[in-house]
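Let me begin by presenting the structure, written as structure tokens, before commenting on it.
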Amino acid sequence: MGERVAAAAALVDRLPDVALVIDTSMKIVDANAAAEACLRAGDLIGIRGSKLVMAEKWAQDWIKASFQQIALCTSLRDDRMIVQTEDGIFRLSLFAIPASALAGQTSLLQKKLCLLLIRDLGRRSETAPNLLATHYHLSAAEIRMCAELAGGSTIKDAADRLGIAWETARHRLKQIFQKTGTNRQSELVALLLRIG
């Protein structure tokens, strides 16, 4: 499980949102700086022992139920929920950490891990373009293409808006797929929505 935790930790540290890796017992395996600050504040999430505790019991129940559903699914699956508190509106997203990150370990006793992202919907992330440029080595033109696709544009619409030929847009999209490790436009958009 060490390699999977290390892979998840590398991802968690790069995310601009509150990001935690939890196991089936709600034990916090890893948390980024934003999550640690949120845990210290204790308004939306807290920690009891080493386990994650949500301020709203129904949100805690949702995470447990979603985790169980995700754990039953063999493919990558995610679940999302909106939580409104006195401090704002937040989107909780729960993603399975694929077992393929285990590199040969197939123990049935192994605990499943999920990535919990919490995004403050009242605040637009200014770091998404920087994250794309730094982590995925995308050019400014590729980042503009990503912004169009994340906004719901088709490849043709994105090409028209960006003033480039359709063939150029297709080539640029293939480059983006290669750099981000995605294979389809829907996978890319899901990635962009998670970090943007």
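Figures for the structure shown
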item: Sorted by Cβ neighbour density within 10 Å, fewest at the top, the residues Asp160, Asp17; result: Asp160, Asp17
item: Label-to-label distance, nm, for residues given as Arg184 and Ile82 (7 Å Cα→Cβ offset); result: 2.6 nm
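Rule-based calculations on the coordinates, nothing more; no lab input. Bear in mind that the values here come from a model prediction, so they are computed numbers and not experimental data. Virtual Cβ from ideal backbone geometry, glycine too; neighbours counted across all protein chains shown.
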